[in-house]
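Enquirer: Before I ask anything, let me first share the structure, which is written out below as structure tokens.
The values are calculated or read from the model by the stated rules, or taken from the named source; none is laboratory data. Here the structure is a predicted model, which means the values were calculated and not measured. Cβ placement follows ideal geometry from the backbone for every residue including glycine, while neighbour counts extend to all protein chains displayed. To get the accessible areas, we keep the full protein, side chains included, count just its heavy atoms, and leave off ligands, DNA and RNA. Shrake-Rupley method; radii C 1.70, N 1.55, O 1.52, S 1.80 Å.
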Amino acid sequence: MTDIAIRATATASVPRDYTIPGAQELLPKVISASLDGSAAATAYIPTLQILEPGGHVMFSAPAQTSYPAGASVDVNWFPGLGVGGTSASSVAVVGTRIEMHASQSINNATNTNLTYDTVAFDTAGMANLGADNRKLTVQVSGLYMVCIERAWQVNATNRRLVGLTQNSLYGSGGSLFADDARLAITGGGQTTNGLATIQQAVVGDFFASGANQDSGVALTSGGGSSEYFSAILLGTL
Amino acid sequence: MAQKVVVGMPQDLDLPDGWTFRITALDTTGAVVSGVKVSNLDIIADAPLGNVDTLAYGPFMLVLGPDA
């Protein structure tokens, strides 16, 4: 089978799309592009995305690092190197960590969806806080190390619970696949929940997090960098 | 001089019509960074259904290999 090259040499602003035309099929071998960041508004991550016919992004292959405004890069995407790219001196980490730097109020005895306002890193393309600040959406099928930590407003009464859901939301009745429940610390100090687990997911799945507390009053959680939710790809199956 | 970057993508991709390859530049929130320009976009692929002339449209041209 002869290789073909589909080429666009002209310069255009990102994003630049090529949609496979009717009655055709492509098995890509390599995709390359030159990105000129001389007029970039901010630092940027060169990214290849693959969209299904409805326009939804089904996969993202971001570069391993971001490049400052002003920098230009020539990028080659090859299959089988490991998502996110590799180099001779490093192993690409495919994963996402989001944090809640503002405080979130959680009512007494109410299953509550936890929200986030900051992306610490996202080499897996899982976070889109503007669209949904509760979810990490899986772009690569495989096994994930999913972690969460939440600290609570000081209060010594009864229990605190934090947990993880997959393809459901705790506040809407979703079931937790992992959780950490503990009695509040007495004698002062914040109670903190945290857990790490391994979970299998396929493209399109999402992870979310939830909390519940029964102190008798509304409590706040969040407001620091220790309030985070992360998912790191361990490997494909 | 532009930096050279190599990035992985899934193996054994086999995409029918309607699927889209998108080259973009994102910030850490997933938003598109304005002002970034792309050029010299190349997709090297097998086209098992033949009739490769249909793959060239709009700003995209087709460059056949030496054995074509």
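Enquirer: So, restricting to strands (runs of 3 or more DSSP E) that lie completely within chain B, which ones have at least 3 residues that are within 13 Å of the chain's Cα centre (by Cα), surrounded by 15 or more Cβ atoms within 10 Å (Cβ to Cβ) and at the interface with chain A (Cβ under 7 Å from one of its Cβ atoms)?
Expert: The strands (runs of 3 or more DSSP E) meeting that bar are B:20-26, B:37-46.
Enquirer: Name the strands (runs of 3 or more DSSP E) wholly within segment A:176-237 that hold at least 3 residues that are in contact (Cβ under 8 Å) with a residue 40 or more places away in the chain and either of a type outside the set (Phe, Trp, Tyr) or within 19 Å of A:Asp117 (Cβ to Cβ) (or both)?
Expert: In segment A:176-237, the matching strands (runs of 3 or more DSSP E) lie at A:192-201, A:206-213, A:219-222, A:228-235.
Enquirer: On to the next question. On the given criteria, is A:Val91 under 18 Å from B:Met9 (Cα atoms) and at pLDDT below 90?
Expert: Answer is yes for this residue.
Enquirer: Which of the residues spanning segment A:158-173 are in a loop (DSSP other than H, G, I, E, B) and open to solvent by 60 Å² or more (accessible area, probe 1.4 Å)?
Expert: Scanning segment A:158-173 gives A:Asn158, A:Asn167, A:Gly173.
Enquirer: OK, next. If I ask for residues that are more than 18 Å from B:Trp19 (Cα to Cα) and open to solvent by 30 Å² or more (accessible area, probe 1.4 Å), which ones from segment A:8-35 would you list?
Expert: Selection gives A:Thr9, A:Ala10, A:Thr11, A:Ser13.
Enquirer: Please enumerate the residues belonging to segment A:108-140 that are open to solvent by 50 Å² or more (accessible area, probe 1.4 Å) and not in a strand (DSSP E or B).
Expert: Hits for segment A:108-140 are A:Ala109, A:Thr110, A:Asn111, A:Asp117, A:Gly130, A:Ala131, A:Asn133, A:Arg134.
Enquirer: Quick check: anything in segment A:45-59 modelled with pLDDT under 90 and within 7 Å of another protein chain (Cβ to nearest Cβ)?
Expert: yes
Enquirer: Would you say A:Leu81 is modelled with pLDDT under 90, aliphatic (A, V, I, L, M) and surrounded by 16 or more Cβ atoms within 10 Å (Cβ to Cβ)?
Expert: Yes.
Enquirer: Test A:Phe177 against the stated conditions and say whether it is hydrophobic (A, V, I, L, M, F, W, C) and closer than 18 Å to A:Gly125 by Cα.
Expert: no
Enquirer: Ok, one more. Which of the residues that make up segment A:141-157 are more than 17 Å from A:Gly222 (Cα to Cα), among the hydrophobic types (A, V, I, L, M, F, W, C) and assigned to a loop (DSSP other than H, G, I, E, B)?
Expert: A:Ala156 - this is the single residue of segment A:141-157 that is more than 17 Å from A:Gly222 (Cα to Cα), among the hydrophobic types (A, V, I, L, M, F, W, C) and assigned to a loop (DSSP other than H, G, I, E, B).
Enquirer: Out of (1) open to solvent by 20 Å² or more (accessible area, probe 1.4 Å); (2) in contact (Cβ under 8 Å) with a residue 24 or more places away in the chain, what's the single condition that is false for A:Ser60?
Expert: So A:Ser60 meets the others, but not (1).
Enquirer: Right, here's the next one. Select from segment A:93-107 the residues that are part of a strand (DSSP E or B) and open to solvent by 30 Å² or more (accessible area, probe 1.4 Å) and write down the one among them that is farthest from B:Val32 (Cα to Cα).
Expert: For segment A:93-107, the residue satisfying everything is A:Ser105.
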